[in-house]
1. Report D for segment 433-533 in µm² per second (integer): Stokes-Einstein, Kirkwood Rh on Cα pairs, 20 °C, 1.002 mPa s.
2. Using +1 at the C-beta of Lys and Arg and -1 at the C-beta of Asp and Glu, which of A38, Q248, V544 has the Cα lying farthest in the positive direction of the dipole of the chain?
3. Dipole of the chain (Lys/Arg Cβ +1, Asp/Glu Cβ -1, origin at the Cα centre): which of C262, V86, V560 lies farthest to the positive side?
4. Packing-wise, with mean Cβ within 10 Å as the measure, how do 222-233, 449-460, 168-179 rank, highest first?
5. Calculate how steeply helix 255-277 sits against the longest principal axis of the alpha-carbon atoms of the chain, using the helix alpha-carbon long axis, and give the answer as 0 to 90 degrees to the nearest 10.
6. If you fit an axis through the alpha-carbon atoms of helix 304-318 and take the longest principal axis of the Cα set of the chain, what angle between them do you get, 0 to 90°, nearest 10?
7. Between R370 and A308, how many nm apart are label points set 7 Å from Cα along the C-beta direction?
8. So what is the 222 nm mean residue ellipticity for the chain from helices alone, if each DSSP H run of at least 4 adds -39500 (n - 2.57) and you divide by all residues, rounding to the nearest 500 deg cm²/dmol?
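The values are calculated or read from the model by the stated rules, or taken from the named source; none is laboratory data. Computed from a predicted structure; not experimentally measured. Positions of Cβ are backbone-derived with ideal geometry, glycine not excepted, and every protein chain shown enters the neighbour counts. Accessible surface areas use protein heavy atoms only, side chains included; no ligands, DNA or RNA. Shrake-Rupley method; radii C 1.70, N 1.55, O 1.52, S 1.80 Å.
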Amino acid sequence: MHRPSRRTLLAAAVTTALAAGCSVPAAPRRTSPAADPAPGKPFAGGEPRRALLLQIVAHPDDDLYFMNPDAQRLLDAGVPLVSVYVTAGEHTGVNRVEGMPRTPPDRAAYSSARRQGLRQSYARALGLPLFTPWRREALALGGGRTAERAVLAHGGRRVELVHLDLPMHTPRRYMALPALWEDRALELSAHRSAGSPVARPGTYDHEGLVAALTGLLRRYRPTVVHTLDPDPDVQPSPEAVRRRDSEQPGYSDHGDHTAAACFAWSALVRWVAEEIRDGAPVPLFTAAAFRGYYNRHWPKNLPPAVLAGKAARLVPYGGDPSWECGNPSGCGDYGVGGDRPLTNRKGWVRSTHRRWPGPGLALAAEPDGRLAAYGVLGLRAVRWRESAPGVWGGPEDLGGGPLAPGLGSAVLPDGRVLLLGVRFAALEGHGGPNRREVVVLEQRSPGGPFLAWRGLGTPDLGADRSRRLGAPVAVADPDGRVRLYVRNAARGVAERVREPDGSWGPWRTLPGDAVVQDGFAVSTDPDGRTHLYAAGPEAVRHWVDGREAPGALPLSGSTVASAAGGLYHRPPASARLLGPDGGDAGLDGYGEVRAARSAALGTVLLGTDAEGRVCVRAGGRLRTRREEPAAVAAALHLGAGGVTVVGLGPDGRPWSWRP
């Protein structure tokens with residue numbers, strides 16, 4: 001995140017082109033293997049492995065604005081954190097506080113002040129004084145490139161900050177990082193921050209940045225990866241509003257965020273492909289992408305207590321000119337210090353949204369009564385099976401990659417499972433294709449093997465619009481039909497139906513003028529009707545068997561849940577979960593909620609409290625799981641044995657809880 005630029009600077013930059021007569025070289029020969037979607041690959045594992053969170057962002061503060069509180073919760077649980085900042089964050093070089101005299105531009109100093117602010121913020125997150133010294137050193141990346149690394153550990157917790165220092169702007173490119181993603185001819189000299197231990201950071205072309213990020217993934221071998229949003233929403237805004245809010249033309253995010261995310265996902269795909277090519281196991285990690293400036297366009301979803309904790313991380317990052325932090329270049333990014341995270345009209349800090357929300361795990365009972373869990377590890381679909389109640393075997397590779405994190409599922413009347421995902425069909429950059437598609441995996445027999453992956457295409461024509469796909473959700477009707485729903489590029493709802501004979505009908509857009517958020521909820525009522533709910537900017541929208549239902553529904557600040565046709569939601573900026581009658585459902589907290597209903601247990605709710613602990617509401621009682629490990633995803637199963645919660649820990653392994 002950074003403040004909007006001056007219009008004169010923008011106008012001058014965007015009218016500057018490459019030197020006349022400069023030719024574009026041919027596309028380089030691909031030196032890394034393509035993704036392999038075939039199943040059956042072994043996964044890393046065996047010996048106990050310590051979890052590690054690695055975040056890849058564009059600017060200093062993107063992690064604080066867009067990935068918290070999720071990252072902070074993992075850090076609090078003892079998971080080491082590595083944050084990689086692709087750009088130097090130098091912007092115009094002006095570190096300004098409203099009401100103070102404007103200082104001369106100094107890009108090296110401003111970059112240094114921002115990373116000092118990061119060190120202050122993460123020192124506070126570790127429970128240390130703001131100005132605690134860090135170990136700072138040069139980190140060789142290969143190819144003549146060197147990054148700055150800062151390391152701080154305390155109380156068994158550890159943070160590393162890695163700065164690649166690509167410039168945000170050059171004389172030829174106002175938006176240097178997006179140009180690097182698209183342009184084969186471009187090479188960027190890394191920026192040197194004042195006081196950095198790196199004397200010569202080196203240069204980057206497209207291939208060099210992908211290689212550097214892949215090398216960092218290989219070096220740290222994270223079990224959880226956070227990125228920004230590679231495929232932001234279509235968001236038409238008046239040009240003056242767009243420029244003022246620093247959004248790229250037509251999309252709800254900053255161009256640097258999108259480019260950094262595309263580079264990050266390209267590196268993830270390459271890392272997995274190279275490991276498989278070299279005969280190594282598939283790296284065991286989960287990935288999540290976070291929305292950026294999207295937060296400004298929708299109702300806020302952080303309740304007061306969670307918001308206060310998130311905003312408190314930005315106060316030391318912003319710092320203050322009066323502080324004596326020991327850095328001659330400055331003690332933070334002054335424009336976002338003090339109360340400004342909460343008073344900024346854009347309100348980025350007031351929400352945290354995942355790009356592909358939904359159940360990170362899907363559960364199904366095997367014919368012998370034991371559970372199977374399905375998810376995405378190493379960008380590939382996997383199945384875990386219970387060997388005994390609550391005892392899980394290793395991941396079985398189902399292939400299909402590279403897949404986005406959201407994995408939809410449906411159980412057919414005969415007990416067979418359908419898995420539905422969003423696949424990165426192409427992610428090449430430098431003018432190459434960039435496409436997404438919906439894919440499906442169908443089980444041959446209950447509890448048995450699967451057929452080959454099959455593509456279902458997208459509801460939108462064109463590669464660019466295919467990138468706006470939402471996370472798939474699906475449900476099987478009692479008559480054997482499966483209804484699949486995804487959010488489309490127009491921010492509406494698209495449906496595709498699988499008939500009982502296994503054939504799929506065409507994509508169609510659900511009726512109405514709905515504009516909705518991702519994170520749909522679907523369930524079947526006692527009469528066999530399918531109910532779909534989606535949160536909109538003014539109210540929750542509701543469809544029954546594909547037809548929009550009459551009647552007004554409330555406004556939701558978050559994703560919604562449904563059981564037996566009823567709606568569960570949280571009002572904007574509220575911790576309270578409300579039920580179908582508008583009353584308190586008794587599960588205060590933050591984040592996504594799951595709901596299920598059975599004749600024996602009634603409605604059971606699964607969510608997290610304000611501290612991020614997993615909670616279950618059943619039979620009028622609330623139970624909270626307090627033991628480790630934490631969960632990066634959790635799913636709910638109602639069976640003969642009662643309520644079972646299956647979570648995926650930050651180490652990439654499942655656990656069971658029977659409250």
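1. Roughly 146 µm²/s, to the nearest whole number.
2. Q248
3. Farthest along the dipole direction, towards plus: V86.
4. Most protected by this proxy first, the peptides run 222-233, 168-179, 449-460.
5. Between helix and principal axis, roughly 70 degrees.
6. The helix 304-318 is inclined about 20 degrees to the chain.
7. 4.7
8. Working: 11 runs with 113 residues, N = 659.
For the chain, the value works out to -5000 deg cm²/dmol.
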